[in-house]
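Data block below; observations after.
Values in this text are rule-based calculations from the coordinates and carry no lab data. Just so we're clear, the structure is a prediction, and the values are computed from it rather than from any experiment. Glycine also receives a Cβ, built like all others from the backbone with ideal geometry; neighbour counts cover every protein chain displayed.
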């Protein structure tokens, strides 16, 4: 009996400011306690479902997908999908509640549960065995039949065992089996104070006035099967039913299949449409004939795209870019997609493969089998036109932005913790100034000593410890800058969708990391202010000077422009306006566009930490001769004077000198 206990009511810190432990902590602790499975049941949300799935795989404890529904009718219940179809219904129900309530909320009624109950196991969470509870049990039985249960959970109040006895009798009268739960909010004993701080933050009150907001008892941590058997010695059958429910709820996130929009046209497959668009684009890019080098690259890339079934993704990005240009909106692809010859001939990027050394395997790699990621920048003032068109074209049940998890950083953590502990605002301002916002260590003992604080004071010690624990905890969900997730099936049956703060936008309860873990494809429609600046510049030139320019016809190597760059007169110039860039421009003295490419590349963590900046500058100034270990190395590094500055160069070195294939490199 004790070995079979499974915790079915467990909130992670994605029950924002209610649960205070991560999925990794919860599953690691469950493994230590010998549990075979663990249910994560966040409040009206599935935001933690991917993290729980990953943590379960790492710990060896099976993940039971679940959710706690707090209804406007005053009823709370736990629900668990038993198969893929019931999981889809749960996601749709949460989506309905999210859209009904607005950002960050979920308003659900009992009627919503009735409409989506098929295939769900439900556990009612009662407070007392009164008339209202009896009515709820009967309604639960009527809807869920043999999938209905009633929870027995200690509240550590006077008459607690009498309450459990009354609930057990009520369940027997209604022919609903009971099951033991522990209503877990943190993984281990010792997080009680952090949970109190989270409650204070959630209700915006100091700890001295928390009152009834405080959780009724401080044993909301994972307990072993033997401990639960001791606490519920009179309810052995209810303990055993935790394993019964776990066995019924076998749905796994691995059963989800992501179906990207097909993008085929008039009976032709997506790859056929893409090939036609590619060769049409090649004729547009090279009106005098496509060079053999480019033809070979296109054949190579199309073979890989066809094998990996990525043609629909390229057609989606092509469609979005074509729409933007039809509206006169400037756009430009960037990132690793610049290594794609296909992207160039489609007009998504502007790096000519005939004049540059392309490495498609950095963008799409057969061995890694990671989805391609094309970032496209649009004018920031008109990007919303593009985004709304994407929503309307693919449908709001099949298109949404991925979310961004907003977490407590060092400065915010110290401010919110200090406020919860009741410190005055002027003192809180002094504390926050002593902490760097992006600090990984948070408010330290030396910071407190520097402010003259007494480290022997218990509240100061609590302030330091609790603020560190709060760092990294999710505060709420926001929206990604522009990462769209598109599906051919209903997206709201894969993950709940909720409205964003901005009108007309919606987000899913998964962030970029979750999307990458699931290997779903997303399309990044990003905003760039410099493109808006360029459009206004084009309009002013046409109006006042009679000069018509486009992105493609801007003079490539204007001497006066480069003279300004060499003087570091680049404030407001995208990519080369930072203090670090302006300090290096008079030293490296760029004269061509390639020089600017290198200039942007050297002020990056990789070249700086690899101590490659000074060798390049010395060789650029002619104070040191480039050294090449072999003719093959010269071919790879000659353009950067023998100094490897780009990831593509590293991959080429591994490929040529070590004999790796491009995919392995």
- [ ] Could you work out the per residue convex hull volume over the alpha carbons of region 388-483, in cubic angstrom?
- [x] 118
Task: Paramagnetic label zone (point 7 Å from Cα along Cα-to-C-beta, residue 135; backbone N under 17 Å) in region 59-83 - done: 71-77
Task: Ratio of the Cα radius of gyration of region 166-298 to 2.2 N^0.38 Å, where N counts its residues - done: 2.17
- [ ] Considering Cα pairs under 8 angstrom that are at least six residues apart, work out the relative contact order of region 399-513 and quote it in whole percent.
- [x] 44
Open item on the list: What do you get for the angle between helix 410-420 and the principal long axis of the chain? Use alpha-carbon atoms, 0 to 90 degrees, nearest ten.
Closed with: 30
- [ ] Take peptides 550-559, 184-193 and line them up by average Cβ neighbours within 10 Å, highest first, as a rough protection proxy.
- [x] 184-193, 550-559
TODO: Rounded, prolate or oblate: pick one for region 278-373, where a ≥ b ≥ c are the square roots of the eigenvalues of its C-alpha gyration tensor, a/c under 1.5 means rounded, and failing that, prolate if a/b is larger than b/c, else oblate.
DONE: oblate
TODO: Measure nothing fancy, just the Cα-based angle from helix 160-173's long axis to the longest principal axis of the chain, in degrees from 0 to 90, nearest 10.
DONE: 90
TODO: Quickly work out the residue 57-to-residue 369 label distance, labels modelled 7 Å from Cα along the C-beta direction, and quote it in nm with one decimal.
DONE: 1.1
Open item on the list: For region 259-323, compute the orientation-averaged projected area of the C-alpha convex hull (one quarter of its surface), in nm².
Closed with: 4.9
- [ ] Over the chain, calculate the relative contact order: mean separation of alpha carbon pairs under 8 Å at least 6 apart, over the residue count, as a percent.
- [x] 13
Task: Potential lengthening between residue 661 and residue 172 on full extension [0.36 nm per residue; Cα-Cα distance subtracted] - done: 169.3 nm
Open item on the list: Quick check: from the Cα gyration tensor, does region 577-631 come out rounded (a/c under 1.5), prolate or oblate?
Closed with: prolate
Open item on the list: 7 Å from Cα along Cα→Cβ at both residue 635 and residue 202: what's the point-to-point distance in nm?
Closed with: 6.3
Open item on the list: Under a crude label model (7 Å from the Cα following the beta-carbon direction), how far is residue 564 from residue 434 in nanometres?
Closed with: 4.7
Task: Most to least packed among 335-348, 505-518, 585-598 [average Cβ atoms within 10 Å] - done: 335-348, 505-518, 585-598
Task: Solution diffusion estimate, µm²/s, Stokes-Einstein, the chain, Kirkwood Rh from C-alpha pairs, 37 °C, viscosity 0.692 mPa s - done: 114
Task: Efficiency of FRET between residue 352 and residue 505 - r from beta-carbon atoms, R0 35 angstrom, step 0.05 - done: 0.45
- [ ] Which order do the peptides 220-231, 538-549, 258-269 take when ranked by the mean count of other beta-carbon atoms within 10 Å per residue, highest first?
- [x] 220-231, 258-269, 538-549
TODO: State whether region 297-342 is rounded, prolate or oblate according to the following rule on the C-alpha gyration tensor (a ≥ b ≥ c being the square roots of its eigenvalues): a/c under 1.5 gives rounded; otherwise a/b larger than b/c gives prolate, and the remaining case gives oblate.
DONE: prolate
Open item on the list: How large is the translational diffusion coefficient of region 556-658 in µm² per second when you combine the Kirkwood radius over alpha carbon pairs with Stokes-Einstein at 4 °C and 1.567 mPa s?
Closed with: 90
Open item on the list: Sequence gap at least 6, Cα distance under 8 Å: using those rules, report the relative contact order of region 556-658 to the nearest whole percent.
Closed with: 19
Open item on the list: List residues of region 461-496, by number, whose backbone nitrogen lies under 11 Å from a label position 7 Å along Cα→C-beta of residue 396.
Closed with: none
TODO: Could you tell me what % of all Cα pairs in region 325-468 have separations over 24 Å?
DONE: 59
Open item on the list: Can you give me the angle between helix 647-658 and the longest principal axis of the chain, using Cα atoms only, in degrees from 0 to 90, rounded to the nearest 10?
Closed with: 80
Task: Quotient of C-alpha Rg and 2.2 N^0.38 Å, computed over region 124-240 - done: 1.19
